[in-house]
Amino acid sequence: MGTYRTLDPHLIVTTVTTLSHRVEERFPGSGLTKVCAELTAVARESKERVANVARPNLLLRLAITLVLLAGLMLLGYVGSVIAEAKRDPDNVYSVLQGIEASINIIVLVGAAALFLITLESRQRRARALADLHELRSIIHVIDMHQLTKDPSTVALVGTDTPSSPKRPMSAFELTRYLDYCSEMLSLSAKVAVLYAQSTRDPVVIEAASDLGQITSNLSNKIWQKINIVQRSAAQAAAAKSRTATS
């Protein structure tokens, strides 16, 4: 039952790997194939990275425990000094000094414990944000690969300039290429969600959500291209059919 409430890193890696094989089989040796292979590697690495981010830092937690124990021991010692000073009615100044020392110890120990406690969460945040930044870069690389795939070339005939990108794809191949880009973007967002579901850090969750929004916007742009390709192909097929029957 838990499988359908959280994303399974293993299944995401399997899906990305399968997609990589599909791209390689359809467009062998292409740049998109290499990008998808890189995304597969990042997905595998993210599986381990997410586990490391979620894993507690036992050494740091031991340090926190030692700091708290040291603080309690100091408080106990100061308390014994105060108790000893109370026995002498003329030693009021020593009692006040002991109380002041106790307050200082509580403040210092509390500040040290708070620093160490937040240090673990800050370390986790830094690692997660670094990984998400890498994923963000791959998302934009994917977008660069679909950028020159102009769907209007399927229906229009014109003269290319020396700087025009090569577009040897048919309507079917262009549709598959764009669809693969959309799938890669979607899977990149799912890898980002792995970090969000492994922590309650609002900064990490917001960064992962931001990547999800970016991939969604880019996928919408890709599907607009796919719709143009399919509509142009349908119009071309209808025109050819009318020509054949006339």
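Key figures
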item	result
The range 29-49 residues that are surrounded by 15 or more Cβ atoms within 10 Å (Cβ to Cβ), paired with ones that are not in a helix (DSSP H, G or I) (beta carbon under 8 Å, 6 or more apart)	T33/F27
Pairs, first closer than 23 Å to E183 by Cα and without any contact (Cβ under 8 Å) to a residue 40 or more places away in the chain in the range 218-246, second of a type in the set (G, A, S) and assigned to a helix (DSSP H, G or I), C-beta under 6 Å, six or more apart	S219/S182
Search result, residues across the range 139-167 that are surrounded by 12 or more Cβ atoms within 10 Å (Cβ to Cβ), closer than 22 Å to E24 by Cβ and modelled with pLDDT under 80	R167
Residues satisfying the stated conditions in the range 1-28, i.e. part of a helix (DSSP H, G or I) and either free of Cβ contacts under 8 Å to residues at least 24 places away in the same chain or among the hydroxyl-bearing types (S, T, Y) (or both)	G2, T3, Y4, L11, T14, T15, T17, T18, S20, H21, E24, E25
Which numbered condition T65 misses (of (1) under 18 Å from the mean Cα position of the chain (by Cα); (2) at pLDDT below 80)	(1)
Subset of the range 118-141 [more than 30 Å from I222 (Cα to Cα) and among the aliphatic types (A, V, I, L, M)]	L119, A126
Single residue of S216, S170, S209, S198 found to be crowded, with 16+ Cβ neighbours inside 10 Å and among the polar types (S, T, N, Q)	S198
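The values are calculated or read from the model by the stated rules, or taken from the named source; none is laboratory data. Only a predicted model underlies this, so the values are computations on that prediction, with no experimental measurement involved. Glycine also receives a Cβ, built like all others from the backbone with ideal geometry; neighbour counts cover every protein chain displayed.
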